[in-house]
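Rule-based calculations on the coordinates, nothing more; no lab input. All figures in this text were calculated on a predicted structure; none of them were measured in a lab. Cβ sites come from the backbone with ideal geometry, for glycine too, and all protein chains shown count toward neighbours.
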Amino acid sequence: MLDAARLWRQFLGSSRLQASVMGLFATWLAFGFQAAAPATFAALDWSAYDVWLSYRAPIPVSPSLIIVTRDPASDAEFGTGPWDRAILARLLTSAHEAGALAIGLDHRLDHASPAQRGGAASDALLLEALGTASPVVIVQSADATLASDASIASHLSVAPHSDHVARTVPAASTDDTQAAPAFGVALYEAFQKQGSPIQPSLSPTGNGSLLVNYAGNGTIASFPTVPVSALWSAIEQHENDRLAEWFRGKVVVLLPNQLTEGNWLLPTGQTVASQVIHLHVLNMLLTDNRLCQTGATGRLLVTLVVASMVGWLLLRFRGTISLFLAGTAIATYGLLLLLALAAIHLVLPLALPLTAAAFVLAGTIIWSHLTAHQRLMLAEQNMLRVQQEAAAVREALVLRETRTESLQEDLAAARAAITQSTGQQEALTGAAEALRAQLAEAQAQEEEARGKLERLEQQLHSLRAATSEPAAVGDVELDRLRDECRQLGIVTRDTGLLRLYRDLKKGAKSPLTVLLLGEPGTGKELFARAVHRLSPRTGRTFIAVNMAAISPELFESELFGHTKGSFTGATADRRGYFELANHGTIFLDEIGDLRLDHQSKLLRVLQEKSFYRVGATMPTTVDVRIVAATNRDLQRGVSEGWFREDLYFRLTGLVFRLPPLRERTGDVPLLADIFLTEIAGQMGKPVPQLSNEALRSLVDHEWKGNVRELRHCLEQAIALNDGPLLSKESLRLGSGSALTAGRAKQSQMLPEPAGDAAVLNCLRQHGFDMQATAKTLGWDRSTVTQRLKGLCFQALVESNGDLAKAALAIAGDPGHLRTVELKLMDYHSHLLSVIEPFKTADEAISDCKRRFKNLPDRHFASVEALVRQHFHQV
Amino acid sequence: MLGELRGAVRVSPDDAGDRLKLAQGLYRIGDLDAALDECRIAIKLEPESAAAHLQLGVTLMAKQDGRAAAAALMDAILLDPALTQAHYSLGSVQYSLGNLSAAIQSYRRALELQPHFPDARYRLALVLKLTNRHQEAARFMEEAAVGGIPQAQFFTGNAYRNGQGVEKNPALAIRWWTMALEFGHQRAAESLSQLRRQALSPEQPERRRKEALEAFRRYREALWNHYPDAAGHDPGDSLGIALLNNSESSNGVTALFHEAFALSEPAHEELARLYESGLDSRLAQFDTRILTCFETTAADGFIPAKKALARIYGKGLGVTVDMRKAKAMLKGLPKRETTAILDEIVGR
């Protein structure tokens, strides 16, 4: 089944695909416009050709071409109207005898000669002459009275473009039952056959039309002509030398008709008869100056390519650079068009690609505006996905590391066994070898996982850069955002938080569910209210519900309401929070603390937008915007099973992670300033000032409770301080401050490198990456592992075997919880597997002593305690 | 004449016969509109007069109103199906209307009615030729040629030259062209001239030259067949000289001209001699016919004629002395011969 959403995502992600579709659409539009205004398009399309024709170096006139035309003297002799065919017959015979290779005669055999012009006798003479002077190309007529087998029929049609300019000639006439070639083409072929009878004649074109390459200005004046009167007198006087000079080895065109009929407008601006256009075709073929034109398919393809190219450039490179590149692409096409015309005589379309490009330009701008938000969302989703992958790989890394460790331990045990029992040495060597191989493999896997993690982190980094790039907000905008935040009670100067606010503002307008993540005191409710204020529901109710504070028994009643008498104490109908928040926003705080059964009830409301009051038989339907918040890791909850996955996905419409105060220490002085003013005002005291030292200690403090803790700290200080100045001591920040200060500069000055606290700190700093920690401490990796293992065992003992509690104690930061938990579980299970075969605690402990001989002694007590605890339980 | 006819009409305005005669008279002098009026009155007076309808048709033909002419002629034929002239004229009208098969039919009908009608035969042959029925056309054309139509003789000559509808025979072509030429047919003269050039021009391919020369030789040979009385001859002998020797001076001179035009050297020599001497009443001294004959063949490149003309102009025989022309005639000849002739001229 096609996943429409996935396809849409792929489409939005691929600028090539978008450009192709846009190009196709623009081409279709351009062709539509062409159909609506064909004359304009034809004029524009051929303008390059027209200009080129006027300004290029003129093509030569073939020396093999001679044209016989009427002149006033011949008109005086033979009359101004049509001539007696006997005259034509004589001209033909004479030209043939003088050595003409091919003769073209602009004459139709469409009527019988009247008696005044010689009648049947003249007709017979002409037909005889046509036979004698073969090959003769004449003009085909639809209803020919006379038939000449010896002559070649041709047509004198012209195919003007929509702007009425004659640029092409149909290669073959199609209006008659018998297709005749164009006059010029037929004459050229006849000439070729005469000139080289061995070579098969090459048809200059297939079907379709011939683009004419006009010589000179396109009139008959461009060609060498002989007047009929001069020719006639030469024939009468038997001036054979003159005749031979004119005609020998040439293509002779006899034009016995007046060249007045047909007013074809040429690209050069001249008006000529169709015969003249065909003469230019002939000359073009004789001098081999043919032109090529793109057919309908070619034009379509060229237009499509240009439009798609421009579209791709505009979509791929946004902003001014994209406009510049698109302009360059169009200019390049123009240059290509001129080059093609000059170099290979190929006429490419101009109007269609330009129009399509213009459509693409307009379309791209509209498209970018329409999809900007969706693209941003996609980028965020991608980021989330990569984060998830990174987390998974990190887990895998932990497992591999642990496996490496345990294998190393097994190897050590095996070695010990070797030294103990030489008799079993060989078998054990084999085992050791196998273990070594396994170790090598595990190490390789670990390295691989590490590499993958690095790549993913790089990808994540670049994605972050990509998402933040279009959001490169200027100072002015930052100021504006800051003011907006201030109005909503959010005090910050932090760019990251402001960006988050900007995204939140965009997302607030959509009906999507918003999930706010963050440590306690980071302002989740403040942001939830902001979502409400910024959404179209701002005039409606905002209900904030702390899920952790609702007693489990009253959960349904509180949220969904109840009907009178549904349970003891339900003395009246009561509306629940969801109903109260109808058409407004409901803020579900501490959603991570919800029990599983309550989760499923909540899920149903989110899915169906309706619920049953307690004791009601009819469902109540509400329209509520959900904003949820938690400081717990819901993803971990999903993987550990304490949070429903489907609810998790329902909630993660828009996810915002509010940064802790320690990540935006720049805001601490600002917040302190505001809080001091507020608190002093509330207490009716003058606003005290912070000493520099106090301010520094505030900035350096870790603020586990974030802004809330800061406020409490200041409240306490103001309440207990009477002076106008708050010193460092009066803040009562306690030892945490020293610890944090130390934490900041840990890498430089480790107080006691061997101390467990220091090692733990270092591990936390490096996200429990053994190798990185080992490198920082300058230790062997296994030493770090042994220390961590010891700490884990100690934490387990301290937490009375509660894995989660122990893990939290070790991890410190909730972000590392999962990693530590995995390690902890692994160490524990390893320990259990080691002691499994033993009957008594003492035996097990003695083996453990051997097994965990690298473990520091102070931690072995923990191992012992755990083993005893285990056997005690058993 | 026309006055008398007008007078007769004035005397008896209701007499269709007089009206028709006046119409014919007016047609002859080219007053077609008046002739038409008279024809129409005559038809009104006597609607059954086929002759009046025929005259109307003929007059309309002259006015180039083909369709009306065809209608009038058909009326005439309806009234008198045996009116040969009407069929003949209808044939011409049908042709000019482009209706070739109807024209053929009309000419055939005219010939059925009047078998000895060479002109109808010639016209039928032409239309048959134009419809590519060459064999039939050639047969009718030759019959018309025999009937004395010079155009038919010319076309028959063409047919023999091209082998169109008959077996190719350039000798017979020469014969027919010569006959047409006797009637003053200019195109026949051109065709003959062209064939002579083919025989004499050094630029022509050898095969074509030989073919033409052979044609002239065979033509000259065939001339003997007309005179069975003339004694047996050697190949190359001149019939004209033989006839002159037999005292058949009239036939002899005619034969000499035929032979001379057919490139016979003895005939040329004999004519050159006769030009200077004359022959009783048949040929005057310095006869222009001989001069024209020499001019014609010389223009086509016949050297004996050129030599003879050089002598005539050099010596001023019957013409004013014109050395330039004489020298021009000798241009291109071997130097020895040129010198000999010039010496002969100067030695006078």
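Over the range B:1-61, what relative contact order in percent results from Cα pairs under 8 Å that are six or more residues apart?
After rounding, I find 29 percent.
Any idea what the dipole of the protein assembly as shown comes to, in debye rounded to 20, about its Cα centre with Lys/Arg Cβ at +1 and Asp/Glu Cβ at -1?
2660
Have a look at B:Phe261, B:Gln153, B:Ala42 and report the one farthest towards the positive end of the charge dipole of chain B, computed about the Cα centre with Cβ charges (Lys/Arg +1, Asp/Glu -1).
Highest projection toward the positive end goes to B:Phe261.
With only Lys, Arg, Asp and Glu charged, each at its Cβ (+1 for the first two, -1 for the last two), find how big the charge dipole of the range B:238-348 is about the Cα centre; round to the nearest 20 debye.
Details: 14 positive and 14 negative charges, 122 e Å.
With Lys and Arg at +1 and Asp and Glu at -1, about 580 debye.
With a 10 Å Cβ neighbour count serving as the proxy for reagent exposure, in which order, fewest first, do A:Val699, A:Val622 appear?
The order, fewest Cβ neighbours first, is A:Val699, A:Val622.
Sum up the charges of everything whose Cβ sits under 15 Å from the Cβ of B:Pro202, counting Lys and Arg as +1 and Asp and Glu as -1, but leave B:Pro202 out.
Values: positive: B:Arg196, B:Arg197, B:Arg207, B:Arg208, B:Arg209, B:Lys210, B:Lys306, B:Lys331; negative: A:Asp241, B:Glu203, B:Glu206, B:Asp300.
Taking every Cβ under 15 Å from that of B:Pro202, the sum is +4.
Could you tally the net charge around A:Ser154, taking each other residue with its Cβ under 11 Å from the Cβ of A:Ser154, Lys/Arg +1 and Asp/Glu -1?
In short, -1.
Where nothing but the Cβ of Lys and Arg (+1) and of Asp and Glu (-1) is charged, how large is the charge dipole of the range B:55-174 around its Cα centre, in debye to the nearest 20?
Values: 11 positive and 9 negative charges, 63 e Å.
Its charge dipole is roughly 300 debye.
Under 19 Å between alpha carbons, and skipping anything fewer than 8 positions from A:Lys564 in its own chain: which aspartates and glutamates qualify?
Partners within reach: A:Glu553, A:Glu556, A:Asp573, A:Glu579.
Could you work out, residue by residue across B:121-131, how many beta carbons of other chains sit within 10 Å of that residue's beta carbon, and then give the average as an integer? Please list the in-between numbers first.
On the way: counts 0, 2, 3, 1, 2, 7, 5, 2, 6, 12, 2.
The per-residue average across the peptide is 4.
Pick out, from A:Leu243, B:Gln285, A:Val874, the residue whose Cα sits farthest towards the positive end of the charge dipole of the protein assembly as shown, with +1 on the Cβ of Lys and Arg and -1 on the Cβ of Asp and Glu.
It is A:Val874.
Could you grab the relative contact order for the range B:1-129? Cα pairs under 8 Å, six or more apart, rounded to a whole percent. Spell out each step's value before the answer.
Details: 173 pairs, mean separation 18.7, N = 129.
Computed over the range B:1-129, the figure is 14 percent.
To the nearest 10 degrees, how steep is helix B:265-277 against the longest Cα principal axis of chain B, on a 0 to 90 scale?
Taking the Cα atoms of chain B, the angle to B:265-277 is about 90 degrees.
Could the peptides B:314-321, A:154-161, B:148-155 be put in order, highest first, of the mean number of other beta-carbon atoms found within 10 Å of their residues?
Per-residue mean Cβ counts within 10 Å order the peptides as B:148-155, A:154-161, B:314-321.
What angle do you read, to the nearest 10 degrees and between 0 and 90, between the alpha-carbon axis of helix B:150-162 and the longest principal axis of chain B?
60
Could you tell me what percent of the DSSP beta bridges with both partners in the protein assembly as shown are antiparallel, to the nearest 5? Don't jump to the answer; show the numbers that get you there.
Working: 13 of 55 bridges.
Around 25 percent antiparallel, to the nearest 5.
Suppose R0 equals 25 Å. What FRET efficiency, 1/(1 + (r/R0)^6) with r the Cβ-Cβ distance, do A:Ser20 and A:Thr40 give to the nearest 0.05?
Using R0 = 25 Å, I get an efficiency of 0.35.
Shielding of A:115-127 by partners, i.e. mean partner chain Cβ atoms within 10 Å per residue? Walk me through the numbers on the way to the answer.
Numbers: counts 7, 3, 1, 0, 6, 15, 10, 1, 6, 11, 6, 1, 3.
Mean shielding count: 5.
Using only alpha-carbon positions, what ratio does the radius of gyration of the range A:368-527 give when scaled by 2.2 N^0.38 Å? Before the final figure, lay out each step's value.
On the way: Rg = 25.9 Å, N = 160, 2.2 N^0.38 = 15.1 Å.
Computed over Cα atoms of the range A:368-527, the ratio equals 1.71.
Over chain A, what is the relative contact order in percent, taking alpha-carbon pairs closer than 8 angstrom and at least six residues apart? The partial results should precede the final answer.
Numbers: 1259 pairs, mean separation 82.6, N = 874.
Relative contact order of chain A: 9 percent.
Arranged by the count of other C-beta atoms within 10 angstrom, fewest first, what order do A:Ile366, A:Ile418 take?
A:Ile366, A:Ile418
Give me the distance between the Cα centres of the range A:634-677 and the range A:796-844, rounded to whole Å.
Cα centroid of the range A:634-677 versus Cα centroid of the range A:796-844: 29 Å apart.
Using all C-alpha to C-alpha distances in the protein assembly as shown, build P(r) with 20 Å bins and read off the rounded percent in each one.
Here the calculated profile for the protein assembly as shown is 8, 20, 19, 12, 10, 12, 12, 6, 1.
Taking the Cβ of B:Glu295 as the centre, find all other residues whose Cβ is under 14 Å away and add up their charges (Lys, Arg: +1; Asp, Glu: -1).
Working: positive: B:Arg196, B:Arg289, B:Lys306, B:Lys307, B:Arg311, B:Lys325; negative: B:Asp287, B:Asp300, B:Asp322.
Charge balance in the 14 Å sphere: +3.
Using the charge dipole of the range B:58-165 (Lys, Arg: +1 at Cβ; Asp, Glu: -1 at Cβ; taken about the Cα centre), state which of B:Ala120, B:Ala76, B:His87 has its Cα farthest towards the positive end.
Of B:Ala120, B:Ala76, B:His87, it is B:Ala120.
Can you classify chain B as rounded, prolate or oblate using the Cα gyration tensor, where a ≥ b ≥ c are the square roots of its eigenvalues, rounded means a/c under 1.5, and otherwise it's prolate if a/b beats b/c and oblate if not?
Prolate shape, in that a/c is at least 1.5 and a/b is the bigger ratio.
At a 10 Å Cβ-Cβ cut-off, how would you order A:Arg595, A:Arg400, fewest neighbours first?
A:Arg595, A:Arg400
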